[in-house]
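The values are calculated or read from the model by the stated rules, or taken from the named source; none is laboratory data. It should be emphasised that the depicted structure is a prediction, and the values quoted were computed from it without experimental measurement. When we count neighbours, we look across all protein chains shown, and the Cβ atoms used for this are built from the backbone with ideal geometry, even at glycine. Each accessible area value is taken on the protein alone, full model and side chains, heavy atoms only, with ligands, DNA and RNA left out. Shrake-Rupley method; radii C 1.70, N 1.55, O 1.52, S 1.80 Å.
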Amino acid sequence: MIAVQPTSKPLLGASLPELTDWVQQQGQPAYRGKQLYQWIYQKGAKSLGEITVFPKQWRSQLEDVSIGRSTIHYRAVASDGTVKYLLKLADGQIIETVGIPTRDRLTVCVSSQVGCPMACDFCATGKGGFIRNLETHEIVDQVLTVQEDFDRRVSHIVFMGMGEPLLNAENAIAAIICLNRDVGIGQRMITLSTVGIPGRIRKLAERQLQITLAVSLHASNQSLREQLIPSAKAYSLEALLSECRDYVKATGRRVSFEYVLLSGVNDLPTHAIELANHLRGFQNHVNLIPYNPINEVDYQRPSPQQIQTFVDELEQRKIAVSVRYSRGLDADAACGQLRASKLES
Ligand code: SAH
């Protein structure tokens, strides 16, 4: 029998054939692969020791092999039922995950990095800096954790937690494939949100996934965007929109644009008109997100009337638009409120 390497990769994220190969390398019959797969993805096993269908003697040899599950470090329930989790990873790092229930949906907002290097001016996560990319299993784990805690199937996933997924694209894509193939979540129910990294949207299109791409736009012209998003200095609005148009052409999927409304900054009718001009002529949708307050900056959320005027200007120009009021505000679980510095509280 081959000795198990203590440093072997966590098993979560592996497919049925990969797990079958792995058990066979351990000198076990192939059907143990199917058992392992079911215990990891359906029964939520946290360690191999729990897998009681495995022979005791083999289990004792597997103590150093990790499935790759996190532990819940802290859990806060908001008044609207949204649950914010702080999950502790194997190296002690902590990330945030949010479970957002409605009557017929359970959405998980997953993190793709510990912290975030993008430093968008209005976002709490960026204020805490960047620590590291998440591994594939650390992304998949977040979904299983919420599913188990709610005791209800997750229907939707949004990559809108901490981090910039296209700076960790390989692991984010591997997690999407696993969540689709092994956890059974339709690709169309998965949204990847990005602030845009030059060349990466085009590259993502090549993968021909059926996921929804959301692009955090937040501004109607280049200089305003640079003011809000430091990385925009190296990525023109035209270049970003050109990649988005190509994404629609390559995948047949429309792009969704996120736009945080900051009173007096990017929410004037002139901004709406400018935005509509940029978005004309390809399949897209605008999601307006009224600003959620964070401590470090003094932006204001626009009034309902200001928001409605912005919506009207876009609709008059035939732009599909919706306003997304964030859930979980009173648990600091809303968009832009996930941060590293508060995590030990
Ligand atoms: N880095 C990716 C994924 C994180 S998504 C991206 O930026 O798209 C985080 C979402 O929350 C983005 O749409 C972001 O614009 C929004 N957001 C950030 N700070 C916010 C705030 N203070 N109020 C409301 N939405 C915010």
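Quick notes on this one:
- Inter-label distance, Arg207 to Arg254: 2.3 nm, where each label sits 7 Å from its Cα along the C-beta direction.
- Annotation: per residue accessible area for segment 119-235 equals 35 Å², rounded to a whole number [probe 1.4 Å, protein chains only].
- Nearest-20 debye value, segment 71-344 charge dipole, Cβ charges on Lys, Arg, Asp, Glu: 680 debye
- Centroid-to-centroid separation of segment 193-247 and segment 90-123 [C-alpha atoms, Å]: 20 Å
- Restricting attention to the chain, lysine pairs at least eight places apart or on different chains and with alpha-carbon atoms under 22 angstrom apart total 21.
- Here the mean projected area of the convex hull built on the C-alpha positions of segment 42-195 is 10.0 nm².
- Protein accessible area in the chain, 1.4 Å probe - carbon and sulfur %: 50 percent
- In this structure Cys123 has an accessible area near 30 Å², from a 1.4 Å probe over the protein heavy atoms.
- Modelled spin labels at Ser263 and Asp312, positioned 7 Å past Cα toward Cβ, are 1.9 nm from each other.
- Leading residue at positive end of dipole, segment 68-138 (Cβ point charges), from Pro117, Ala78, Gln93: Ala78
- Sequentially through segment 71-83, phi angles give Karplus couplings (6.51, -1.76, 1.60; θ = phi - 60°) of 10, 7, 8, 7, 9, 10, 9, 7, 5, 8, x, 5, 10 Hz, Gly and Pro residues having no value and appearing as x.
- Among beta bridges from DSSP that stay inside segment 71-344, the antiparallel ones total about 45%.
- Sorted peptide list for 267-276, 213-222, criterion being average Cβ within 10 angstrom, highest first: 213-222, 267-276
- Ser303 paired with Arg153, simple spin-label distance in nm, labels 7 Å along Cα-to-beta-carbon: 4.6 nm
- Placed amide H near Val286: partners under 5 Å, 5+ positions off or other chain: Phe257, Ala320, Val321, Ser322
- Residues in segment 104-124 reached by a label modelled at Ala76 [backbone nitrogen below 14 Å; 7 Å Cα→Cβ]: 124
- Arg324/Ser47 FRET efficiency (R0 51 Å; Cβ-Cβ; nearest 0.05): 0.85
- From the C-alpha gyration tensor of the chain, square roots of 5λ in Å: 39, 21, 17
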